[in-house]
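Chemist: I'd like to ask some things about the structure below.
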Amino acid sequence: MKRKWLYQVLILTISLFIGLSSNLAIICDHHWVESSILPPVVTVFRDDHQHAFMLGWDDEMDDLRFSFIEDEFGFRHTSFAVTGRLNDSVFWGLDMLFRGHDIQSHSSEHLHFARLNSSRIELLLGQSINDIERLYGYTPIVFAYPFGSHSSESDSIIPNYFDVGRGIGSEKTNRGAWPITSRSCCLHSAPTCNGITGDVVDRLTISFEEMLNNEGHRAYKCYGHSGWFNAREREQFEKELSKIAEHDNLWLTTWGEAIAYQVVRDHTVIEDYHTYSENIKFKTVAPELNISRYPVPVTYRVEIPRDWDNLAVLDDGRIIPHKIVENSSGKYLLLNSTPRGQIIEITTQRVVDTTGPVISGIHITYTTEGVLVLFEVSDFHGTVCDVNMTIVTDIGSFDFDRIVNPTFWSNNTYGRVVFNASDIYAITVMASDSSGNIGVSSNE
Ligand SMILES: [Zn+2]
């Protein structure tokens, strides 16, 4: 009883003190502390979206036929590839990676895992990981069971190699659950085991809306076979996607990116958080994670004083983009960053960046598939935002409006494939940064 009374007096004293001091701030030994400001949090999904849509294709049949969806609607997919088939079609995957899609493992051979002994399973998984590392330069983190076939034995082996083993069953009671059980069989949201192919295409939006209406359900996890679509189904699929894309609080992501985001989020630690009168600083680190395996940015939501405007956000001194959200509970800043032990600073002071991105090392590879152009884009004071390329070849000229650095690459490499071309006459690469500065490189 006495303790409660003391507690109330303490609260009253603090409230009075806060109320009297200007701008709800109290002076400490070293700096100003905004007493009402909450420390940063990592949001559930990128950009604080409340729902996610993850699309996966199995068996790499006609995935390229659907890779236009990132241009038209913003959707991205994961190709679960049978990696033993990819040796002669490396550009197939690179083309998708530079559009923002993702490649993960569907074993190196398409076999029933329930019928295999453990040493065979280990061999197939190891081979498949090696294939993706060798061909695409990163380690896959998600596995899709061929035929959805699995056993308790395979389920106990998969976690030694991948973060998630994905099945093909239909989610019934936990449709939209997130996070999904890592290290176990993950099910998809589409109503039949054919995923989004067949008659299910017509029900995609209905099934998606059902997920949205379920309290606590967040991630629509979809899979199908791109090669099974006939013309009518493909048309219907595009119609359904256009309706889903209208939903404004939806993260359009890939299986690989969504799971990597969740892993990084689970491991992120925010240290040394301080608020001052002109800035907020914190350190972000994932001490127990090999971040090069999951090099994806997570979103931090940072509360800021209501009267702060015209802010700059610095990630180890480099300007990064941000978004401000204001509602009845406060004013927040959203920023994306990969935890690497760096200092994030949000400042009300003016920060100017007048230098554009630097494009270097344009490298061309000719194969029977076509030509591959690789180059580096770096920005020393800001963040690379848009990268595009115009290329003139023997089969015509091409404008690639939006080129991305692949999700799982820990470098600054960008590129593009021109299938069936055998000669290049001219290349122009352009890149802009978050302050609108532009860098150009031409190779004629
Ligand atoms: Zn398959």
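The values are calculated or read from the model by the stated rules, or taken from the named source; none is laboratory data. Model, not experiment: these values are computed from the prediction. Note: ideal-geometry Cβ built from the backbone for every residue, glycine included; neighbour counts use all protein chains shown. Accessible surface is based on the protein model in full, side chains and every heavy atom, while ligands, DNA and RNA are left aside. Shrake-Rupley method; radii C 1.70, N 1.55, O 1.52, S 1.80 Å.
Chemist: I'd like to know if the range 212-229 contains one or more residues that are surrounded by fewer than 21 Cβ atoms within 10 Å (Cβ to Cβ), modelled with pLDDT under 95 and of a type in the set (A, V, I, L, M).
Modeler: Checking the range 212-229: at least one residue is surrounded by fewer than 21 Cβ atoms within 10 Å (Cβ to Cβ), modelled with pLDDT under 95 and of a type in the set (A, V, I, L, M).
Chemist: So, in the range 132-147, of the ones that are part of a helix (DSSP H, G or I) and open to solvent by 20 Å² or more (accessible area, probe 1.4 Å), which residue ends up nearest to the ligand (Cβ to nearest atom)?
Modeler: Going residue by residue through the range 132-147, those that are part of a helix (DSSP H, G or I) are 132-136, 146-147.
Filter again for open to solvent by 20 Å² or more (accessible area, probe 1.4 Å), leaving 133-135, 147.
Numbers: Glu133: 21, Arg134: 21, Leu135: 19, Phe147: 6 Å.
Within the range 132-147, the match that is nearest to the ligand (Cβ to nearest atom) is Phe147.
Chemist: Find the residue count for the range 278-301, including only residues that are more than 20 Å from the chain's Cα centre (by Cα) and among the hydrophobic types (A, V, I, L, M, F, W, C). Working first, answer last.
Modeler: Taking the range 278-301 first, the residues more than 20 Å from the chain's Cα centre (by Cα) are 278-283, 287-288.
Next, from what is left, pick out any that are among the hydrophobic types (A, V, I, L, M, F, W, C): 280, 282.
Residues in the range 278-301 being more than 20 Å from the chain's Cα centre (by Cα) and among the hydrophobic types (A, V, I, L, M, F, W, C): 2 in total.
Chemist: Determine whether Ser79 is farther than 21 Å from Trp409 by Cβ and in contact (Cβ under 8 Å) with a residue 24 or more places away in the chain.
Modeler: On the way: farther than 21 Å from Trp409 by Cβ: no; in contact (Cβ under 8 Å) with a residue 24 or more places away in the chain: yes.
Spelling it out, it is not the case that Ser79 is farther than 21 Å from Trp409 by Cβ and in contact (Cβ under 8 Å) with a residue 24 or more places away in the chain.
Chemist: While we're here: Output the qualifying pairs, or none if there are none: Cβ atoms under 8 angstrom, residues six or more apart or on different chains, first residue in the range 144-159 and within 18 Å of Ala81 (Cβ to Cβ), second residue more than 16 Å from the ligand (Cβ to nearest atom).
Modeler: Ile158/Arg183
Chemist: Among residues belonging to the range 315-344 that are without any contact (Cβ under 8 Å) to a residue 60 or more places away in the chain and of a type in the set (S, T, N, Q), point out the one that is farthest from Ala260 (Cα to Cα).
Modeler: Ser328
Chemist: Quick check on the range 48-61. Is at least one of its residues on the phi > 0 side of the Ramachandran plot and away from the ligand (no atom under 16 Å from the Cβ)?
Modeler: Yes, some residue in the range 48-61 is on the phi > 0 side of the Ramachandran plot and away from the ligand (no atom under 16 Å from the Cβ).
Chemist: Suppose we filter Ile359, Ile403 for residues that are touching a Gly at 6+ places or on another chain (Cβ under 6 Å), modelled with pLDDT of 95 or more and within 26 Å of Arg318 (Cβ to Cβ); which single one remains?
Modeler: Ile359
Chemist: Here's a follow-up. Give me a count of the residues in the range 316-336 that are open to solvent by less than 40 Å² (accessible area, probe 1.4 Å) and farther than 20 Å from Pro406 by Cβ. Give the steps one after another, and end with the answer.
Modeler: Step one: list which residues in the range 316-336 are open to solvent by less than 40 Å² (accessible area, probe 1.4 Å), which gives 319-320, 330-335.
Add one more test, that the residue is farther than 20 Å from Pro406 by Cβ, and what stays is 319, 330-335.
Qualifying residue count, the range 316-336: 7.
Chemist: I would also like to ask the following. Are any of the residues in the range 81-88 farther than 24 Å from Tyr161 by Cα, away from the ligand (no atom under 16 Å from the Cβ) and not in a loop (DSSP other than H, G, I, E, B)?
Modeler: No, the range 81-88 contains no residue that is farther than 24 Å from Tyr161 by Cα, away from the ligand (no atom under 16 Å from the Cβ) and not in a loop (DSSP other than H, G, I, E, B).
Chemist: Among the residues of the range 89-128, write down those that are in a helix (DSSP H, G or I) and touching a Pro at 6+ places or on another chain (Cβ under 6 Å).
Modeler: Leu97
Chemist: Looking at Leu64, Leu38, Leu55 in this structure, which one is at pLDDT below 95 and touching a His at 6+ places or on another chain (Cβ under 7 Å)? First the steps, then the outcome.
Modeler: Working: Leu64 fails: touching a His at 6+ places or on another chain (Cβ under 7 Å); Leu38 fails: touching a His at 6+ places or on another chain (Cβ under 7 Å).
The match here is Leu55.
Chemist: Oh, and also: Scan the range 260-288 and report the pairs whose first residue is within 11 Å of Ile344 (Cβ to Cβ) and among the aromatic types (Phe, Trp, Tyr) and whose second residue is open to solvent by 20 Å² or more (accessible area, probe 1.4 Å) and not in a strand (DSSP E or B), with Cβ atoms within less than 8 Å and a gap of 6+ or a chain change.
Modeler: Taking only residues 6 or more apart or on different chains, the pairs are Tyr273/Pro39; Phe282/Pro39.
Chemist: Right, another one. Does Asp71 meet the test of being assigned by TED's automatic domain parsing to the domain that holds Glu235, open to solvent by 10 Å² or more (accessible area, probe 1.4 Å) and either part of a helix (DSSP H, G or I) or within 16 Å of the ligand (Cβ to nearest atom) (or both)?
Modeler: Yes; evaluated as a whole, the condition is true for this residue.
Chemist: Look at the range 93-126 and say how many of its residues are more than 16 Å from the ligand (Cβ to nearest atom) and open to solvent by 50 Å² or more (accessible area, probe 1.4 Å).
Modeler: Residues flagged as more than 16 Å from the ligand (Cβ to nearest atom) and open to solvent by 50 Å² or more (accessible area, probe 1.4 Å) within the range 93-126 amount to 5.
Chemist: Something else: Please list, ordered by first then second residue, the pairs with beta carbon atoms under 8 Å, 6 or more apart or interchain, first in the range 345-358 and in contact (Cβ under 8 Å) with a residue 40 or more places away in the chain, second open to solvent by 10 Å² or more (accessible area, probe 1.4 Å) and β-branched (Val, Ile, Thr).
Modeler: Asp353/Ile319; Gly356/Ile438; Pro357/Val384; Pro357/Ile438
Chemist: With the requirement that a residue be farther than 18 Å from Tyr366 by Cβ, part of a loop (DSSP other than H, G, I, E, B) and of a type outside the set (A, V, I, L, M), what does the range 388-422 give you?
Modeler: Across the range 388-422, the qualifying residues are Asp401, Arg402, Asn405, Pro406, Thr407, Phe408, Trp409, Ser410, Asn411, Asn412.
Chemist: Within 30 Å of Pro39 (Cβ to Cβ), in a helix (DSSP H, G or I), in contact with a helix residue (DSSP H, G or I) (Cβ under 8 Å, 6 or more places away or on another chain) and not β-branched (Val, Ile, Thr) - does that describe any residue in the range 212-225?
Modeler: no
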